[in-house]
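A short worksheet on the structure shown next.
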Amino acid sequence: MTPQPLAVAPHTPAPASVFTQRFSSTPRGARLARRLALHQLDAWGVPYGTAASDTAAVLVAELAANAVTHGRVPGRDFELVVRLTGRTLRIEVSDARGERRPTAGDMAEPAPLAEEGRGLLLVAALADRWEVLDRVPVGKTVAAELELPH
């Protein structure tokens with residue numbers, strides 16, 4: 001009896017590296033999220049101070065700041081998920097305020113001297129893709145993707 005050859009997949013997807021952490025919905029929690037995300041990226045081979053690391057830092061900082069500022073519910077944390085699959089970096093920040101989703105008005109150019117209102121403009125300018133998703137059972141997730149250089 002002849003053994004059957006094993007079927008080999010023509011392309012095996014790259015395994016994903018995932019970092020998930022919840023943080024307090026405070027400015028301190030947002031800063032900690034950015035620092036830990038950069039530390040994790042460095043461990044995955046995206047060194048501190050590179051263009052990719054700096055761009056990821058801005059994306060995490062803006063999404064976390066938005067979650068703390070606009071998505072805060074007393075007693076509820078926000079969640080950061082950083083996923084590296086191949087050369088695609090996906091940053092997801094989830095909060096408990098599903099009814100406060102970004103709108104087209106949030107993408108309007110703020111007044112020149114305004115002190116706020118540029119967060120999503122930065123996300124749209126820096127990310128290759130971004131979206132807002134419903135979060136089950138409650139809340140929303142804002143995700144941004146960045147294609148890393150080879």
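The values are calculated or read from the model by the stated rules, or taken from the named source; none is laboratory data. Remember, it's a predicted structure, so these values are computed and weren't measured experimentally. Here Cβ is always computed from backbone atoms with ideal geometry, including for glycine, and neighbour counts include all displayed protein chains. Ligands, DNA and RNA are excluded from the accessible area calculation, which covers all protein heavy atoms including side chains. Shrake-Rupley method; radii C 1.70, N 1.55, O 1.52, S 1.80 Å.
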I'm trying to understand the selection: among the residues of the range 56-85, which are open to solvent by less than 40 Å² (accessible area, probe 1.4 Å) and closer than 12 Å to L148 by Cβ?
A56, L84
I'd like the full set of residues that are at pLDDT 90 or above and open to solvent by less than 20 Å² (accessible area, probe 1.4 Å), limited to the range 131-150.
K140, T141, V142, A143, A144, L146, L148
Among (1) touching a Lys or Arg at 6+ places or on another chain (Cβ under 8 Å); (2) at pLDDT 80 or above; (3) surrounded by fewer than 13 Cβ atoms within 10 Å (Cβ to Cβ), there is one condition L89 misses while meeting the rest; what is its number?
(3)
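One line per residue, one yes/no per condition, for (1) modelled with pLDDT of 95 or more; (2) open to solvent by 90 Å² or more (accessible area, probe 1.4 Å); (3) over 26 Å from L120 (Cβ atoms); (4) polar (S, T, N, Q):
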residue: T12; (1), (2), (3), (4): no, yes, yes, yes
residue: P15; (1), (2), (3), (4): no, yes, yes, no
residue: R28; (1), (2), (3), (4): yes, yes, no, no
residue: L32; (1), (2), (3), (4): yes, no, no, no
residue: D54; (1), (2), (3), (4): yes, no, no, no
Is it true that some residue in the range 100-120 is under 16 Å from the mean Cα position of the chain (by Cα), at pLDDT below 95 and assigned to a strand (DSSP E or B)?
no
